[in-house]
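Read the figures in this text as sums done on the coordinates, not as results from a lab. Source: prediction; values computed, not measured. With ideal geometry, Cβ positions are generated from the backbone for all residues, glycine too; neighbour counts draw on all protein chains shown.
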Amino acid sequence: MRTQYFKQFGIAMLAMIVATFFSACATHTVKSTSYVPIVSDSQDVPEDLLLDVGVFTFDPGIDEIKRNEEETTNHEIRIAESRYAPYLTAETLQRSGNWGIVRLMPNTFSPMDVLVNGIILQSNGESMSIRVDVSDATGRAWYTKVYSEVISQFSYDVTQRQQNDPFQVIYNNIANDLLAYRQQNITDAQISEIRTISEILFAQRFSIELFDEYLTQDRRGNYQIVSLPADTDPLLDRVRDIRERDFMFIDTVQDYYATYVRQMRVPYDSWREQSYFETIELREIRDSARRRFIAGTAAVVGGLAAATSSNGNYVTQAGGAIAAGAGAYLIKSGFDKQAEAKLHQATLEELGQSLENEIAPRVINLEDRTITLTGSVEEQYGQWREILADLYAEEIGMVREL
Amino acid sequence: MPAIPGAAQGRQQQGSSPGSSASTNGSGSQSGGSNSTLGDGQNSVQGSQSGSQQGNSNQGNNGGNSGDNPSQNAGTQSRFPGYQQSGANGSRDGSSGDLDSGALRPFGNGLPAPSGDYSLDTLPSGILSGARSGKTSQGTGAMTAAERAAVLDERLRKGYETFDGFILSERERAQNESNAAGSAGIGGASGGGGGSPADQPQTLEDAGAPAGVAQSMPTISSGAPSSPPPENFPPPEDIPGGRDDDVVARQLREAATSEPDPVLREALWDEYRNYTGIGEDQ
């Protein structure tokens, strides 16, 4: 009988201990404080074996937002980031010195040797996650990889910010992986093939009839070279002249993006820094509330079991009542934490709204200018297409006259 | 450097030190494209040449583009020689480009009908007066194919001039804006994401292009209308950074910094002081 009393008293005490343990537990997030530098190719690559890279505007990943992040993720900020992050990616790739020309592409019309697409999976100031797809002009898929980084408060230190973006490691890793893939998987012959195909694809944009025969697509849709135009062909020379102008156009758009990034940087960094602290607070409070609910429930159940035990003596019943009371207190404090979490959530929403007001007009302006310039350029290209077609006809006529 | 370092610089030679802009690296090799000179938008010389250009480049320097060679900006180069060097399939007879034989292959499979929708009558007078295939030209009889090709080449060249002038002026403006944005913070001179006429890109017509091409080129209308963002006013000296502001204080601060009326603005700042207890501290 005495043993049973101790057993029931033990259950009540165990419930309290478990409750205390659960409520005291904290989850820890691993944060990166190490900096991954950009790797440069150790070999001198001939200029004609350098691949040009086109980075496209990222997918803002609105459809990929997790349910528990929906309320704290501002769609307009994501859209702004989808123009900001690829610019930093292109800038980092260019800085690596491993590639030819690296550009943030205004559209998909201009073929480039290597194509980088991305989707933003998460961005809240504390962590960022981007999925990157890389392919080349032939249509061959290189790889898909998710880059994630959880940063420390140190990344927002003023001295650090002056040097790099807080999430610069992600962009450095993208650049390093791209180099590693090229070194390990792409031969010099393939590089030449890729570059040739991207040039013919551009020529096809101006005269599909004249340049169609040089490429074919295999079953997977990848381009293969069938034959090559004469290198001295005057029409090819003209297409090259036009391509130089196309690069000029894309360079102009780079300047638009540069302005946009400069305008966005200060408010965006400010938002990220504040969001960093709020996100951590929110997560810790939510975790704390969850632990309190679990522990409180366990204590109440255990305490009630002991308190209502028919075999229990006074000590056991008293212990059970204390445990149940402590559990109820824990549950109440869980509700308090939930209310506190809502405050932080509201703060995050407010911060997002504030940044949205700041940057949404800039995004619209960027798009507006890019679309307007693209329209003007395409109009000019249309005229050049017609002139090229007539020139071809006249040159055929000259051959016949001879 | 506002633009992507080296993005407008032409090919960056391998081995240039990472972290440094290729734009000013004398060792960076740039492949030239056409050798047109476009400082005034008038002297474009048609033709393409490939090769490396050694020496310093001032590409990307602020506002320094107007006299730059656009081909350096473009940074393109002839692709096919590189392919020949590979020695892989696709090696080509120097005279033909055919993979398998030395026979000359013309482009395409047939003679495309000249479309002629590019409105020759919009070209500057004196260049091509009524010269569509020579049929209506000056009543001097039919032109030879070579003459017609020369006329079309001239049209192409004029188009390049117009385009180059337009793009270069647009680039200069964009780079100036980028530099201005770099020196302004929140609520500074860079405020105003869009809406002002100066922010809008030029059209080819605006660029003062020759009447021929420019006038025949409509520009698409702007996309979504952009509304100017509210102007921001700096807080008074006694107002701290606001790092620890709560939601209400932040709203007050936001309202005050965007309030154009100085009286109302000061009232909002007073409210902010009362709410945050700044006055009490002092």
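Below are the figures for this structure:
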{"item": "DSSP bridge orientation in chain A - percent antiparallel, rounded to nearest 5", "result": "70 percent"}
{"item": "Residues in the range A:120-159 reached by a label modelled at A:ARG220 [backbone nitrogen below 18 Å; 7 Å Cα→Cβ]", "result": "A:133-145"}
{"item": "Mean separation of Cα contacts under 8 Å (6+ apart) over length of chain A, as relative contact order %", "result": "23 percent"}
{"item": "Of every Cα-Cα pair in chain A, the percent that sits beyond 31 Å", "result": "55 percent"}
{"item": "Kirkwood Rh, angstrom, the range A:170-279 [1 / mean 1/r, Cα pairs]", "result": "17.9 Å"}
{"item": "Given charges at beta-carbon only (K, R positive; D, E negative), |dipole| of the range A:71-115 in Debye", "result": "160 debye"}
{"item": "Positive-end extreme of charge dipole, the range A:190-316 - chosen from A:GLN254, A:LEU236, A:THR279 (charges on Cβ)", "result": "A:THR279"}
{"item": "Signed unit charges on C-beta, dipole axis of chain A, positive-most listed residue A:THR196, A:LEU304, A:ILE38", "result": "A:LEU304"}
{"item": "Computed E for A:TYR181/A:PHE109 - FRET, C-beta separation, R0 30 angstrom, nearest 0.05", "result": "0.70"}
{"item": "Choice from A:GLN217, A:GLN263, A:GLN168 with maximal GNM fluctuation in chain A (Cα, 10 Å cutoff)", "result": "A:GLN217"}
{"item": "Pairwise FRET efficiency - B:GLN251 versus A:SER42, Cβ, R0 = 51 Å, nearest 0.05", "result": "0.40"}
{"item": "From phi via Karplus (6.51, -1.76, 1.60), per-residue ³J(HN,Hα) for the range B:250-256 in Hz, x at Gly/Pro", "result": "5, 5, 4, 4, 4, 5, 5"}
{"item": "Residue with peak Gaussian network fluctuation, chain A [Cα springs, cutoff 10 Å], from A:GLU213, A:GLU349, A:GLU199", "result": "A:GLU213"}
{"item": "Karplus-derived HN-Hα couplings along the range B:160-168 (A = 6.51, B = -1.76, C = 1.60, θ = phi - 60°), whole Hz, x at Gly and Pro", "result": "4, 4, 4, 4, 4, x, 5, 5, 5"}
{"item": "Per-residue Cβ neighbour rank within 10 angstrom, fewest leading, A:SER354, A:SER288", "result": "A:SER354, A:SER288"}
{"item": "Set of aspartates and glutamates near A:LYS145 by C-alpha distance (under 17 Å), chain-local residues within fewer than 8 positions excluded", "result": "A:ASP59, A:GLU64, A:ASP133, A:ASP136, A:ASP177"}
{"item": "Sorted by Cβ neighbour density within 10 Å, fewest at the top, the residues A:SER152, A:SER42, A:SER192", "result": "A:SER42, A:SER152, A:SER192"}
{"item": "Value at 222 nm in deg cm²/dmol, rounded to 500, when DSSP H runs of n ≥ 4 in chain A each add -39,500 (n - 2.57)", "result": "-23000 deg cm²/dmol"}
{"item": "A:ALA141/B:THR144 FRET efficiency (R0 56 Å; Cβ-Cβ; nearest 0.05)", "result": "0.65"}
{"item": "Sorted by Cβ neighbour density within 10 Å, fewest at the top, the residues A:TYR260, A:TYR156", "result": "A:TYR156, A:TYR260"}
